[in-house]
Each structure stands twice: as C-alpha cells, then as structure tokens.
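In what follows, a structure is listed as structure tokens, so that the remarks can point back to it.
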There are 2 protein chains.
Amino acid sequence: MNIGFIGPGIMGAPMALNLIKAGHVLSVYARRPEVTQGLVSAGAMAYSSPAEAASGVDVIFTIVSDTPDVEEVIFGEKGIVKGAKPGTVIVDMSTISPTATKQFAERLEKQGLEMLDAPVSGGETGAINGTLSIMAGGKKEIFERVKPLFECMGKNIVHVGGNGAGQVAKACNQIVVAVTIEAVAEALTFARRNGADPEKVREALMGGFAGSRIMEVHGKRMLDNDFRPGFKVGLHQKDMRIVMETAHQLGVALPAAALVAQHLNALMGMHDADLDSSAIVKVIERMSGE
Amino acid sequence: MNIGFIGPGIMGAPMALNLIKAGHVLSVYARRPEVTQGLVSAGAMAYSSPAEAASGVDVIFTIVSDTPDVEEVIFGEKGIVKGAKPGTVIVDMSTISPTATKQFAERLEKQGLEMLDAPVSGGETGAINGTLSIMAGGKKEIFERVKPLFECMGKNIVHVGGNGAGQVAKACNQIVVAVTIEAVAEALTFARRNGADPEKVREALMGGFAGSRIMEVHGKRMLDNDFRPGFKVGLHQKDMRIVMETAHQLGVALPAAALVAQHLNALMGMHDADLDSSAIVKVIERMSGE
C-alpha cells in the first residue's frame, strides 16, 4: 500500500520503520527534515510538505505533538487536504483533544476524506517493538481497512467507537494512570512515615484489590527512587491538560484528575519535566516536609 | 491449642468456625451472646466476658468494630488483661488506628502479654472460604507461632513489620482501593459523557497500564450499575477516617485520599452506607448533573 507518514519523531520514527519493514512504500514528512534520514535510508521518500507527502497515498498517518499541530498538518496552507485524493484515510495517532478530533473528522468528511483517531500507549519501547496499544475511533469499515497497518505497529488494537472515541479512551487511560500513581504515591509515603517498610507493604498489597500494574511498575520506581522514563511528566501534564479542557467543555467534574494535574504542574515547577510521571511521589513527600 | 475468640460477627464467625474445623478448642465471647450459638453448636464454649474467654488460652483473637472497642475488650473492666495468663498472645484482627495499636502493644508488653495486629482483607467470602489476606505486625517470632492459626483463616499472609505495621498496610490498602475506584469512576463517567461506550473503553484500557483488579471488578460493577457489596461504603468510610486521623497525627498530606474520603461522606448523606464502595461513581455522576 502507498502510505504517507507525518511526524517521524521519537514515537513516529520506529512506527514508520515497522511499516517499511512490513513491505509498505512510505512517503514521509517532518518539520525538521533531518529526522527523516533514517527512514529514507530504509527506503522511504521524504517530501517537503504534508500536501506532497499525501499525494497519491491511500492512507496517511500523523503523529505530532498537540491539537494545533494536527490541525496545521491536515488543514494548513500546505496541509494534507491540499494533496490527498478523495477517499484517502487520515489516521491521527497523536494524543489530542477528543472534541477537536470530532470536528476534524466532520470537516474532512465534507471534503470527501476519511479519518480515524488512533492514539497509542506503550511508549518508545512499544513503538520500537511493535507492541503498542492502539485505541481507535471512526467508522468500523475504515478501521478494518487500516487494521493490517495497525498490526505492523501494535498488539492490543481496539476499535472503541466513532470518531473521537479513540482519543476519549486515551484520555481515560491517562486519567486512570495518573490517579493510580497518586494513590500508590500517597500509600507508600503514608507507610514510610508510619515507620513501616514500604517495600513490605507493597508486597502485602500486590496480591489483593490494591494490586495493579501501576503498583507493580511505578510503585517499584518510587521505592527505588528511579524516575527514568517510562512516560515523561511533561507529556502526562499535556495529556491531563487535554482531559481537563474536555471536562470543562462537557461540564463533567473530575476532582481527583484535577488534583493530580496540579501535582504534574508542581513537578514542572520543580524542573522535573523529563522524569517518569511516577515522580508524583516527590510532590507528596515535599508537601509533607521532606 | 486453646484459643480465645472475641467478636464472632459477619467476619469473625466464619473465621472462628475455620479454627474449630482445624481442630482447635475455642472460648468465645460476643457482646450479643446470641451470635455465638452457631459456634457453640460446632463445639466452642461461650463466656460472658473477654476476661473469662481469655482465661487459660494461649492465643486470643479479637475482631471488633473500631479502636475504642478494641481498647475496651483488651483493657476494660472485664477485659482480656484481667483473665489472660502471662505470655498470652493477643491477636487483633480488627481494622483500627495504627497509632493506637502501637500504644496497646506497649501497654501489653509491660503486663507481660504479647500482641500482634493482623487486619484482613477479602470480605465475608474470604472469611467463609478461608482465603483472607492477612497483614500482620509484631515480633517475628510471635508471628511465626501464630502463623499456623492464620493459615486456617487466610491464604495471603504477610508479616509486614513491628507492632502497628499490619494496620499501616491495611490503611495503605484502603487508600489505594478508594483512590483507584475514584480513578475508574471518573474515567468511565468521562467516557460516557463524551459519547463513547464505557464498556469498550474499559476493555481497551484493561490490557495496558490502566489495568487493575479495581478496573476489572469495580469497573464492571459501575457499568452494570450493580452496587451489591463487596465492601460496604460505611466500612470504607470508617477506614478512611482512620487513615485521615493517622495522617493528621503524623503530619503527612494525602490530598487524593482526603478527596475520596469526602466522596464516601457524600454517599453516607445519600443513604448509601450499605452499597459497595464502587458506588463512588454515583457521586461523580450526581456532581455533574445526573
């Protein structure tokens, strides 16, 4: 299949490479052309605008930083819509606003273009190993058409619902991960300040209802004081901003998510943007005099 | 072994029965004598005070409602200390204050008595099936002596540390369970209000870092609107009161735990004390106009 790929960054580059390895022909575009070099060596063709990269492809992936970036690469002066033939499927794998995603899909439909939102989780390791979780929103038949391509990049691939539903699922993922990290951080700090061994407490809790992958992985990071990412504070903060903006638009109160978003803000103030977000425990400790 | 058992209630009665089934001789005491009838039929002897039930036993278990109840049955006018011989081990399986527990253990040591704190999780089902999780605090050698008795009642039996450490672990368990329920409740409400299918979102999330036993079990209860306990709001509220009192004493900030404690308070105001604590989702929904 002729495929376009926009945004071959830390996540995007290994994802694009997995598509090439599976035998697909890739047209790539990056804001900074030098980042496409590895893909070009692997057989991709590099273009100087999203419009050109979109020309003649059946499916074009985008994975960029934030909502305005997606809008720019799709609808901008040299955006995808300026080059794509009718029926092209635009698959946005960025993590952006669910509300904006629905609007983008409606605008594209009017122009005869299809859209899926398909944000991922699993980090750089998942991108390299092709084991990402992919949460997709959009028409079922479009999802089925793109699914073989998703399977080059991920393992846990779920069609969640209509346009925007993938972004909603990703937002939910970030809420649960952030708030569960907070839960574990508060519990382990409480244990230690009570004079108990937090390592033993974690062990005792793992077997019961308090057990989770966050307790296992992020709890361990807290005990070891090892905050190498993993998933960076700066990105989690951005994702929680999207959550809180969406909650604002919908009139839904998310009190614990809002609280943890503030702790991510605090970490930014502590210049800890590049730590793993399990560093939330540092906020709890600092707050109580450590 | 000659064993005393004080507080054969919803949890205590099946736990005591499992000790009898394992061949132990039980002396029981209950504030309401009628609740001991089942155990007496099974071979236990009922006494009219904790002091009498403690007379001549090697180990005496207590499982009562709250910190003052434990103080009363141990140190009260007809308390355990009035009847127990030197060296008797008092094993408190109630969920009470870690701070008070440490003080009780010190007072008992001065009187030549041993103490373990050994709160449980796993609910009535775990008590009946002998599959409780038991988190124990106290001297290691005393724990080892009582361990065969714990094995009649539970499966996941951990010695967490010195006196009070079991109560600390239980408190941590209740923090993590409460805050994770809140996380799942906020995420599933957010999903639904965004027009996504919360069932599909839960599925998509289960495979990744947002996966947990709470997402699995309590998330399902929320989707099914089925709040039969499980673990009751009224008990979870009481346990979170102990957590917040202990945090107050230690000078440790637990912002998310405090927030969720308020949601449990709200459920009490909604007359939902007897629902499963996954009913926290009702607070989130109601808060946002449902």
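The values are calculated or read from the model by the stated rules, or taken from the named source; none is laboratory data. Quantities reported herein were computed from a predicted structural model and do not represent experimental measurements. Quick reminder, even Gly has a Cβ in these numbers, built from the backbone with ideal geometry, and neighbours come from all protein chains shown. All accessible areas refer to the heavy atoms of the entire protein, side chains included, with ligands and DNA or RNA removed. Shrake-Rupley method; radii C 1.70, N 1.55, O 1.52, S 1.80 Å.
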Report summary line: Cα-based Rg/(2.2 N^0.38 Å) for segment B:213-255, rounded to two decimals, is 1.53
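Which peptide among A:167-175, A:115-123 comes first, and what is the full order, when sorted by highest mean count of other Cβ atoms within 10 Å?
Working: A:167-175: 30.8, A:115-123: 25.9.
Output ranking for A:167-175, A:115-123: A:167-175, A:115-123.
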Query - Cross-link pairs B:Lys82/B:Lys102; A:Lys140/B:Lys282; A:Lys82/B:Lys200; B:Lys140/B:Lys220 - those with Cα-Cα distance over 30 Å - result: A:Lys140/B:Lys282; A:Lys82/B:Lys200; B:Lys140/B:Lys220
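Which value at 222 nm does the protein assembly as shown reach when only helices count, each DSSP H run of 4 or more adding -39,500 (n - 2.57), with the total divided by all residues and rounded to the nearest 500 deg cm²/dmol? Spell out each step's value before the answer.
Working: 26 runs with 302 residues, N = 580.
When only DSSP H runs of four or more count, the value is -16000 deg cm²/dmol.
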Query - Nearest-20 debye value, segment B:2-161 charge dipole, Cβ charges on Lys, Arg, Asp, Glu - result: 240
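With +1 on each Lys and Arg Cβ and -1 on each Asp and Glu Cβ, how big is the dipole of chain A about its Cα centre, in debye rounded to the nearest 20?
Numbers: 28 positive and 32 negative charges, 55 e Å.
Approximately 260 debye in magnitude.
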Requested in this report: Tell me which residues come under 5 Å, amide H to amide H, from B:Leu113 once H is placed; ignore anything under 5 positions away on its chain.
Outcome: B:Gly87
Query - Between segment B:135-183 and segment B:230-282, the alpha-carbon center distance in angstrom - result: 20
Query raised in the report: Taking H as built 1.01 Å from N, whose amide H comes closer than 5 Å to the amide H of B:Phe5, not counting residues under 5 places away?
Result: B:Ser27, B:Val28, B:Tyr29, B:Phe61
Report summary line: What a careful reader reports for the chain A Cβ nearest the rotation axis onto chain B, distance rounded to whole angstrom, is A:Ser212, 2
Requested in this report: Please quote Rg/Rh for segment B:2-161 to two decimal places, taking the Kirkwood radius as Rh and restricting both calculations to Cα atoms.
Outcome: 0.92
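If Rh is defined by the Kirkwood formula over all Cα pairs and Rg also comes from Cα, what ratio Rg/Rh do you get for segment B:157-290? Write out the running numbers ahead of the final one.
On the way: Rg = 15.4 Å, Rh = 15.5 Å.
My calculation puts Rg/Rh at 0.99.
Take every DSSP beta bridge whose two residues both sit in segment B:2-161, then give the antiparallel share in percent to the nearest 5. Please report the intermediate quantities before stating the final value.
Details: 3 of 28 bridges.
For segment B:2-161, the DSSP antiparallel bridge percentage is about 10.
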Query raised in the report: Taking the alpha carbon gyration tensor of segment A:77-222, what are the square roots of 5 times its eigenvalues, largest first, to the nearest whole Å?
Result: 40, 15, 12
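Could you rank A:Val81, A:Val260 by how accessible they are, 1.4 Å probe, largest area first? Working shown, then result.
Details: A:Val81 30, A:Val260 0 Å².
I get A:Val81, A:Val260, largest accessible area first.
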Query - For B:Val57, residues with placed amide H under 5 Å, excluding near neighbours - result: B:Lys85
Query - Backbone HN-Hα couplings from phi across segment B:208-214 [Karplus 6.51/-1.76/1.60, Hz, Gly and Pro as x] - result: x, 5, 7, x, 6, 5, 5
Report task. In nm to one decimal, list the spacings between the B:Gly23 label point and its equivalents in the other copies, with label points set 7 Å along Cα to Cβ, shortest first. Result -> 6.8
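When DSSP assigns beta bridges and you keep just the ones with both residues in the protein assembly as shown, what percent turn out antiparallel, to the nearest 5? Please list the in-between numbers first.
Details: 9 of 59 bridges.
Roughly 15 percent of the DSSP beta bridges within the protein assembly as shown come out antiparallel.
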Requested in this report: Using a 10 Å cut-off on Cβ atoms, rank the peptides A:222-230, B:191-199, A:184-192 from the highest mean neighbour count down.
Outcome: A:184-192, B:191-199, A:222-230
Requested in this report: Return the inverse of the average 1/r over all pairs of distinct C-alpha atoms in the protein assembly as shown, which is the Kirkwood hydrodynamic radius, in Å to one decimal.
Outcome: 25.7
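Please quote Rg/Rh for segment A:109-192 to two decimal places, taking the Kirkwood radius as Rh and restricting both calculations to Cα atoms. Spell out each step's value before the answer.
Numbers: Rg = 16.2 Å, Rh = 14.2 Å.
Dividing the radius of gyration by the Kirkwood radius yields 1.14.
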Query raised in the report: Got a sec to turn the phi values of segment B:235-252 into Karplus ³J(HN,Hα) couplings, 6.51 cos²θ - 1.76 cosθ + 1.60 with θ = phi - 60°, whole Hz, x for Gly and Pro?
Result: 6, 5, 4, 4, 5, 6, 5, 4, 4, 6, 5, 5, 4, 4, 4, 8, x, 10
Query raised in the report: Can you give the % of DSSP beta bridges in chain A that are antiparallel, to the nearest 5?
Result: 15
**Report entry** Exam field: B:Thr125 pseudo-label spacings to other copies (7 Å along Cα-Cβ), nanometres
**Finding:** 3.2
Query raised in the report: Could you give, in nm with one decimal, how far A:Glu109 is from each other copy of that position, shortest first, with labels 7 Å out from Cα toward Cβ?
Result: 7.1
